[in-house]
Amino acid sequence: MSTVVQGMTTFLVWLFNLSSMIGLPYYGVAIIIFTILIKILTYPLTWKQMTSMRKMTALQPKMQELQRKYGHDKAKLNQKIMELYSKEKVNPYAGCLPILVQLPILWAFYRTLYEMPKTLGLQGNEPSVQFLGFNITQTYGFALDYHLLLPILAGVTTYLMSKVSMATSPKTGSVPSSAEKTQKMMLLFMPFFLAYIVASLPSGLGIYILTMNIVSIFQTIYINKKIAAEMAGAKAAEADIKPAAAKAQKGEKEKSAKDTKAKAKDKEEKTKVKEEKTKKSKENKSKSTADEKNKKIEHQVKGRKIVARKKVSRAELKKGK
């Protein structure tokens, strides 16, 4: 017997002793407690799985746009999709985590039930291995008797779990028809598949699967409501932020307009001052030019007067001779 099976057997015995202390000395009760503990331990993975599924659903329109744009180039399409996942912080493989964790547990649990009669020396008629009319170590198959109830319940709860998951998932209105067909096919196929598995394995494993389905239904409802509440809170916060942002933006625009107006006024004043300086400079230059012209005229007049005087003096000298 492997170490894993031995460890699980020891744990089941411990849970059996615990259930015996509360007046329920049945390995079936121990299996139910064990299943609930597994669901509690895998809750973070389930939460991550469902949030990832929500994000994936929200990304459907963008993914369809990428498919329309790069559908002819598969390598480019895959690259763009991975870039979209990275940008939106979505892990497309997060949905597989709970299944990957539970499959080894399911296999080890099956081996534990198979080995229990030998390892614990249990007989089929012992009360501890009987639970609600089922021997947890025995496989009942598809005989038309009371024991067929377990695979039927497993199938029904599997169907309900799928319906709950679909009903509480967000509707985007853009899910491809192929995906809808796949969902409908899985909705019909999985209940029959699980019913077949439960009928073909020891009934203790059927109790584990049935309990897992029931707990998963309530857990799915709870998680989806919590996610919806968080999304509603985020939208409300965004709605509160938008008016404040708009007000701030309006204030910034008004401030910018005032600054622009002040700058324009300042520029206008500077232009006016510059024009006045230019005008004054021109006036000064014009005045200076006029003064120079006047001085030149005065100088010319003065020169002419001197010449005229000299002529008069010469004429007087000639007369005197």
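Of the numbered criteria (1) in a helix (DSSP H, G or I); (2) crowded, with 17+ Cβ neighbours inside 10 Å, the one Leu149 fails is (2).
Of the residues making up region 58-94, those that are closer than 26 Å to Asn213 by Cα and buried (at least 16 other Cβ atoms within 10 Å of the Cβ) are Asn91, Ala94. I need the full set of residues from region 78-90 which are assigned to a helix (DSSP H, G or I) and within 14 Å of Gln60 (Cα to Cα), in order please. If the condition is that a residue be assigned to a helix (DSSP H, G or I) and within 14 Å of Gln60 (Cα to Cα), then Lys80, Ile81, Met82, Leu84, Tyr85, Glu88 are the ones that fit. Consider region 13-35 and keep the residues that are surrounded by fewer than 14 Cβ atoms within 10 Å (Cβ to Cβ) and either β-branched (Val, Ile, Thr) or within 43 Å of the chain's Cα centre (by Cα) (or both). The one that is farthest from Gly206 (Cα to Cα) is Ile22. On inspection, Thr35 passes the criterion of being touching a helix residue (DSSP H, G or I) at 6+ places or on another chain (Cβ under 7 Å), among the hydroxyl-bearing types (Ser, Thr, Tyr) and modelled with pLDDT of 90 or more.
Inspect region 91-101 for any residue being at pLDDT 80 or above, in a helix (DSSP H, G or I) and touching a helix residue (DSSP H, G or I) at 6+ places or on another chain (Cβ under 6 Å) and give the result as yes or no. No, the conditions are met nowhere in region 91-101. Taking region 104-132 as the range and being closer than 30 Å to Leu45 by Cβ and loosely packed, with under 11 Cβ neighbours inside 10 Å as the test, only Pro104 passes. Before we move on, is Asn135 surrounded by fewer than 15 Cβ atoms within 10 Å (Cβ to Cβ), at pLDDT 80 or above and polar (S, T, N, Q)? When the stated conditions are applied, Asn135 does not pass them.
If only residues of region 1-60 that are in contact (Cβ under 8 Å) with a residue 40 or more places away in the chain and part of a loop (DSSP other than H, G, I, E, B) are counted, the one that is nearest to Lys226 (Cα to Cα) is Thr42.
The values are calculated or read from the model by the stated rules, or taken from the named source; none is laboratory data. Computed from a predicted model, the values in this text were never measured in an experiment. Cβ atoms come from the backbone with ideal geometry, glycine included; neighbour counts cover every protein chain shown.
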